[in-house]
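Coordinate-derived values only; no laboratory data. Treat the numbers as computed from the prediction; the structure is a model and nothing was measured. Cβ atoms come from the backbone with ideal geometry, glycine included; neighbour counts cover every protein chain shown.
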């Protein structure tokens, strides 16, 4: 395999991180401690994106019918995932947060069809229910 080494600027690295993580801001921080210098990035990511990313990871990056999920939260799902995250962050359980997601989506699943209820997910699609639980746990 042939590889190419490319230097990128801090601004370009910040933009790539922002895009890849669905972040709202990225700050490059350089710290000096004695003779050592440390570099890190502080990234602000909306809670809905954090939950969605955990859901995607739990699902192996695939929808229920094996289609790829985008890594960054699609614009038409932002409100629904933010509703889910807000519900979890205020102390609700996954079932209530999933209901908040469904309300924001008008009862529709990612693909546009009628979404299953939480009880249906737990009974018939436990892998998907587990992914929703992983999304909730990512916020804790």
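Axis of helix 94-104 versus longest Cα principal axis of the chain: the two differ by about 90°, to the nearest ten degrees.
Values of log10 I(q)/I(0) for the chain across q = 0.09, 0.13, 0.14, 0.17 Å⁻¹ run -0.36, -0.65, -0.72, -0.92, by the Debye formula with one identical scatterer at each alpha carbon and no solvent. In percent, rounded to a whole number, the relative contact order of the chain is 21, using alpha-carbon pairs under 8 Å and six or more apart.
Judged by the mean number of other Cβ atoms found within 10 Å, the most tightly packed of the peptides 113-124, 34-45, 65-76, 1-12 leads the ranking 113-124, 65-76, 34-45, 1-12. Helix 10-21 axis versus longest C-alpha principal axis of the chain: approximately 10°, rounded to the nearest ten. Once the Cβ-Cβ distance of residue 130 and residue 75 is raised to the sixth power relative to R0 = 25 Å, the FRET efficiency obtained is 0.40.
Compared with the dominant Cα axis of the chain, that is its longest principal axis, helix 78-89 is turned about 90°. Helical content alone sets the calculated 222 nm signal of the chain at -14500 deg cm²/dmol, taking -39,500 (n - 2.57) per DSSP H segment of four or more residues and averaging over every residue. Give the separation of the Cα centroids, region 108-134 to region 74-92, in Å. Their Cα centres are 15 Å away from one another.
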